[in-house]
Every structure is written in C-alpha cells, then in structure tokens.
Ligand code: MOS
C-alpha cells in the first residue's frame, strides 16, 4: 500500500471539541437532562472507624421535598458478584450500605433523596447518625505494614559495603488529591432490568462491568455514558461508592437519581496519591559509577484494599548498576482507598531517585547530567531486553543547551538577586509505554463523511482531536469530514483511559479500522468497470480530501461519494482492532524526559518561586504538537503542585482530613506558573505500536518535582527530602 499522505497527524490543530467546551455545550456527567430526575446527597461518616448504632431520619423526612433516606438498615442487599473486567479490584470491595461498619472518615452511611438539590442537601444535614467509634489508625509512620513485595539482583548489601561513596537517605511524600475541576457525578436510571448511568469516568467499560457485578445483572444490561470528562488525573479510573449509591437509590425510588460529590466529598469519595516513606541507600565508586541501590518503600493503603502502584521498575532500570534490592510495603490504614494519580508510582520513584542522584553528584563534585550519563544503561538491566528507543542522552543534550545549563553555578547558594537566591536543577523522568487491546468502528458514509466510534474517554488530553487526526489521514479525509465519538459503552471496547495508553491502543485500532475502510473503497473502485480507477493497482492508490487517485497520476481518480453513489452503497464499515503482540515483550518500552527548573528562593522568608521550566521528551511520534504542549503544561503545573503546595493533611486523632477544600489544599494558580517550554524529540517508536507513539500524559508530570527540589538545593544549599517543600522547611 502506498502510505497515505499525513496532513492532520503532526499538525498543531486546535481541539475539535473546543467550541463545545467554551460555549458550555459539552455536557458533563451532572449536566445531562434526564426526565423525572430526583437529587440525592450522601451523608458521610463522621468517624473513621467503628459501627453505626443509630440513624435518626425523622427531621430529614419532615423537611419539605425530602422523599426518602436510605441506609444499610433498609437498602436492598446487593450481590456484589465477581467483577471480571471491572475497574475495581476483585474481592474486598467497599460494599455500599450493606452493613453497619465504618472503615474510613467520609464513608457513605446514608443518602437523602429529594425533589431538589437544596432539599437533599438540607435533608442530609438533618440526618442524625450515632456511632460506636474506635480509635482510627491513619498514620503511615505508626501503623503496621503488610509483608513486602521484593526485588533483588546481585547483592545490594555487599555492593553498598564495598562502595567508595555511600548515602542513606529517607524521603517523605505527601498525600495528594486529584482535584479535577469537574466534581465526580452520576445520574442513574433504571428501565426495568436495564441500568443507564451518565458518569464521570475514565473507563466506561470498567464501570459497566463493575455495576453489572454489584447488581448481579449482565453487562449488556448496563450502559455507561460519559462523553466529556472535566479532568480526572486518575480519579476516574474506579467505579466509586457514589456511583453505586446513585444506581441503588434509583432502584429504590424507581426514578432517575443524580448524585454530585461536593468538593469536600472528593477528598474521601474518590482516591488519592498515597503518601510514602521511602528510604534509599546508594553506593558508587569515586567516579560516580553506581554500585548498588537499596529501596525500602512504605505506602498508604486502605483496610479493605491492598492498593499498589508501579513504584518498583524505575529503581531497576533507570540507571546501570549490578546490585539492587527493593522492598515495597503497603500500610493498611483506616482511610478510603488510594488510587493512581498522574504518573502513578513513577512520579514518586523519580522524586526519590533523582533527588538522590543530585545529592550524589554534589558529594562527588560532578555535574548532575554528567553523573547520569556515566550510569546510562545499554539495555534494560531488570530483564536484559533492548530498549525500543531510549534517547535520554539526547534529552540531556538538548535540554542543557536550550535551558542554558552552562550558566548554572555548581556551588549552592552562589547566585543571588537582591533577596532572592537563584538555583537551577534537573531530573530525568520515565514512564512505561503501555498498550492494550482496543477496538474502534469506522464508517464511511455515502456523503463522503466518516464516523469513527470507540468506548474511550477524553479527560482532557484531546482524545477527540487526536483520534480524528489519525482517522482523517487514514481515510484521506479532511478533519471536518470526520466525526469521532467516544464515551459510551455501546461503542467498541477500549482499555482504561489511563496509564497514557489511549493514543497507542485506541489510536492503533482507529488506524486499523480506517485503513480497512479506505482499502475497501479502493478495492471497490479498481474492480469497478465504471470507475476511472478500474484496473489500477490498489497499492498505487492514495486518498486525499475524499478523492481516490493513482499516486503518480493525480488526474486519474474519483471521490468516495461518486464511488458509493454509483454502487448504491449507503456506507462502508470496518471494525478496527489493536492488541499487543502475544507472548513476552521483546523490548523494554518506556518514554523518557529530562526536566529542568530554575527557582528563586526568598532568603529570609523561604518562599520558593519557580521561574522557568523546560521539559524535553522522548515520547515517540507526536500526533498533535499543540495538544502535546498543553499536556506538558498541565503535567508541569501538577508537578509544581506536588513539589511545593499539595498536601492532604489528616488529623490522626479522629482520622478526619482537615483541609478537604480548595482554600486549604493548595494547588498552583496562574501566579505560581512560570514560563514553560517543551521540546519533543522528533521520531517514532516502531516497536511499540503502529502509530509509533509512546504515551505522554503521565510522562510530562514525572521528573518535575525532583527538578524543582534540586533547583532549591542549588539555590539555597538546603536539601529538602519531604514534599511539599514548605517555606518553614527552608527557614
Ligand atoms: Mo492516569 S493516573 O493513569 O489517569
């Protein structure tokens, strides 16, 4: 086949759904107009551990507009069947309104249903719940840990003993909350045995399967609709308790029910990035060649789920060294369950490893980039596989040049502008290139337009746009002639919209479906005696602007419309598919970055201002440069938050989150966000997937926090090993 001309892919296009979003026409979960809907507000637990002893609903029920209060005392018993294909873990799920036990502060204990939102809110405040409270355990550093997951190669202890330079460092990271702009919300409606939910989710298929399991009905009886997601950063990767509350209440009421979490409820109604205590011991020779690293990682989890994330690989393959040991322990606490949050695992590992590398460089008197170059591996030392592509060296070179790294003074606290101490820092980042089974349906219509559908989500990266770009080029249509639809479990299944796998997985399925349709059309034409293309070799035909023509003879051709009309075809259609090659991977697949930061720290007040940031990315082919830059801005802003501001604080006396609001939980605002530059290395990853993409959404966040921490050290000479870096810590 002649390769299709690429007009849309690689072009810096604006979002195809941008107008819908800025005019308010894009409908988010709570905004769907469902006839006869009533409003439900969750009453959440005021204790973190214990039992419910009484629920007094009299005042609530007396309030005008309140229709009903549902709790474990009268809720239907739900089967909670095995949940294959669900976005929740099997086994010990939190079961909504099934018993009197309280497992965390904020757990749903009742729901008030009313004719208006205001009545439901007021009614919820009138429900009196009595508890038999026990002392909760919510402190990572006090509670007992589970048995560790371990990894070892070589002998880390011996490697450390024989090392010329040894360091023993303990880092602490704060709990972070996703805090998307759009709150989580669900509208549920039953029609007989069939359930429809409009939900904020990153995986309609997973939510469909979970609801089917919870209610004991076939998956085909559940439809999940989620065309727009106003940010999520991972919080939409679960079917949370409020989704079940909405469906349960709708069944009890025999009416559609809407549940919207308040901002406060988002702090325990959905997940969070778990806090870590992370001890890293490392050894090197005098020239900076690493001999060993020993990682001990303790992370928060809930009492009802052993939540783990991909924290271990970075320590095994980011740098070359013979000896590695790792022990990763979850610590069960009386909290709601954590979940993946942007750059899950890797962001935390990168903060620790990249801070430690900076400490080592300083101790050795080596440039931090030079130290990293000396430890660059030739292959993935965790499994002996060649890298599909690994262009970290280029990231360093390009980044150092563009950022003006040669202006950095290696001696900390040696650059001052008035009250401000100025410093520069950098870090490496990496994220695994994930790909998973996906399908997409492509349909070319008689009028020359096309519709492409997949059950994917778009939580903000611009999936509507990037998939349209892939489809447009594969079909030989303009962007405007292609409509891409997503966010409905009726569409062909896709993997979670997380782990940065959407472009590789869904994109490759879209490419396949559209390639098939284009080839169907070309075949029809070259075999049609009435076509100017009759008798041409199919592989010589390309399509541009909806017109097929012989590649080297553009005059010889016709349009899709002419072809379909003459052949009385209403459409051509194909189901595209992508799956990873079966069997073990033959390459090590990661995307990489080098991230650079310049900070100014007020010498007397300890205030940190980020002045400049640069990210250089080895992320494979970039489908949409404008959206990629947007992704990086978001990831870097999130990294500034993790580094300097974000910290969910729990009162360990009662297990309550004390800053469950956006006034006290700090996120970066415009004034915190500096000049951000991004550079994407040109090229593609031919081994990863047919599009050659490596994933971007996680990668752009990873490495930001350590680059800032390292810049703070360069500015002040103070090494802060606890995130967020506070003014107090710098005084
Ligand atoms: Mo991402 S944390 O996998 O949404």
Neighbours by Cβ (under 7 Å, 6+ apart or cross-chain): first from segment 180-203, free of Cβ contacts under 8 Å to residues at least 40 places away in the same chain and more than 22 Å from residue 667 (Cα to Cα); second more than 14 Å from the ligand (Cβ to nearest atom) and assigned to a loop (DSSP other than H, G, I, E, B): 193/217
Criterion (touching a helix residue (DSSP H, G or I) at 6+ places or on another chain (Cβ under 8 Å) and either without any contact (Cβ under 8 Å) to a residue 40 or more places away in the chain or away from the ligand (no atom under 16 Å from the Cβ) (or both)) met by exactly one of 457, 489, 500, 508: 489
Count - residues of segment 209-228 that are closer than 19 Å to residue 339 by Cα and either assigned to a strand (DSSP E or B) or within 16 Å of the ligand (Cβ to nearest atom) (or both): 0
Which listed residue is in contact with a helix residue (DSSP H, G or I) (Cβ under 8 Å, 6 or more places away or on another chain) and either modelled with pLDDT of 95 or more or on the phi < 0 side of the Ramachandran plot (or both), from 181, 167: 167
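Can you tell me which residue within segment 64-84, out of those that are in a loop (DSSP other than H, G, I, E, B) and in contact with a strand residue (DSSP E or B) (Cβ under 8 Å, 6 or more places away or on another chain), is surrounded by the fewest Cβ atoms within 10 Å (Cβ to Cβ)? Even if it seems obvious, please write down each step before you answer.
From segment 64-84, those in a loop (DSSP other than H, G, I, E, B) are 64-65, 72-84; that's our starting set.
Right, trim to in contact with a strand residue (DSSP E or B) (Cβ under 8 Å, 6 or more places away or on another chain) and you get 65, 72-73.
On the way: 65: 17, 72: 18, 73: 13.
Here the answer is 73.
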Where residue 365 falls short, out of the listed (1) within 16 Å of the ligand (Cβ to nearest atom); (2) surrounded by fewer than 24 Cβ atoms within 10 Å (Cβ to Cβ): (1)
Count of residues meeting criterion [crowded, with 24+ Cβ neighbours inside 10 Å and in a loop (DSSP other than H, G, I, E, B)] in segment 692-718: 7
Condition met for residue 278 (at pLDDT 95 or above, part of a strand (DSSP E or B), under 24 Å from residue 376 (Cβ atoms) and in contact with a helix residue (DSSP H, G or I) (Cβ under 9 Å, 6 or more places away or on another chain)): yes
Residue match in segment 298-314 (condition: in contact with a helix residue (DSSP H, G or I) (Cβ under 9 Å, 6 or more places away or on another chain), in a helix (DSSP H, G or I), within 16 Å of the ligand (Cβ to nearest atom) and modelled with pLDDT of 95 or more): yes
Test: residue in segment 574-591 that is at pLDDT 95 or above and farther than 28 Å from residue 513 by Cα: no
Subset of segment 668-691 (residues that are surrounded by 16 or more Cβ atoms within 10 Å (Cβ to Cβ) and over 30 Å from residue 9 (Cβ atoms)): 668, 672, 674
Yes/no for residue 717 being under 18 Å from residue 602 (Cβ atoms), modelled with pLDDT of 95 or more and more than 16 Å from the ligand (Cβ to nearest atom): yes
Unique residue being part of a helix (DSSP H, G or I) and within 16 Å of the ligand (Cβ to nearest atom) when the list is 231, 206: 206
Count of residues meeting criterion [surrounded by fewer than 16 Cβ atoms within 10 Å (Cβ to Cβ) and in contact with a strand residue (DSSP E or B) (Cβ under 9 Å, 6 or more places away or on another chain)] in segment 524-543: 1
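The values are calculated or read from the model by the stated rules, or taken from the named source; none is laboratory data. Keep in mind that what you see is a predicted model, and the values were worked out from it rather than measured. We place every Cβ from the backbone using ideal geometry, glycine too, and count neighbours over all the protein chains shown.
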